[in-house]
């Protein structure tokens with residue numbers, strides 16, 4: 001299989017998340033991933049886009065989110081870009097799931113979910129563009145990042 005890239009741009013509104021999930025699903029099926037892997041992609045991408053909508057753009061739907069699905073022999077990558085407030089990974093700490101459940105508090109699990117479902121999760125900021133990269137490897141292992149632990153690179157302004 002050769003490398004292929006497919007793109008989608010949506011307004012930063014949760015009303016477009018079904019379109020995002022369908023977009024990712026179509027290409028994951030084309031790349032012959034299992035149903036379980038496809039569901040993992042859809043959930044992780046939905047979480048990433050929801051975080052962008054709620055936190056980077058603070059619910060302002062006048063902005064856009066750009067997605068790219070990159071299919072390669074050994075990996076399936078979803079790259080998501082925005083120009084909102086940057087996610088500061090150094091300020092993130094793993095949520096206490098039991099505390100959240102006990103308090104019946106919604107939210108706070110998006111990054112944790114992405115990390116559990118994907119093989120690689122990376123965050124980058126370059127100038128005013130933020131990028132989250134979600135990767136599923138066909139063999140399920142990564143030499144660079146094990147277990148979906150996110151990495152961060154701040155290449156520009158906060």
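The peptide list 132-138, 70-76, 57-63, 23-29, put in order of mean Cβ contacts within 10 Å with the highest first, becomes 132-138, 23-29, 70-76, 57-63.
What is the Cα centroid distance between the range 64-78 and the range 1-29, reported in whole angstrom? Computed from Cα coordinates, the inter-centre distance equals 9 Å.
Only the coordinates and a few stated rules stand behind these numbers; no lab work does. Fair warning: this is a prediction, and the values are worked out from it, not measured in the lab. Positions of Cβ are generated from backbone atoms using ideal geometry, with glycine treated the same way; all protein chains shown enter the neighbour counts.
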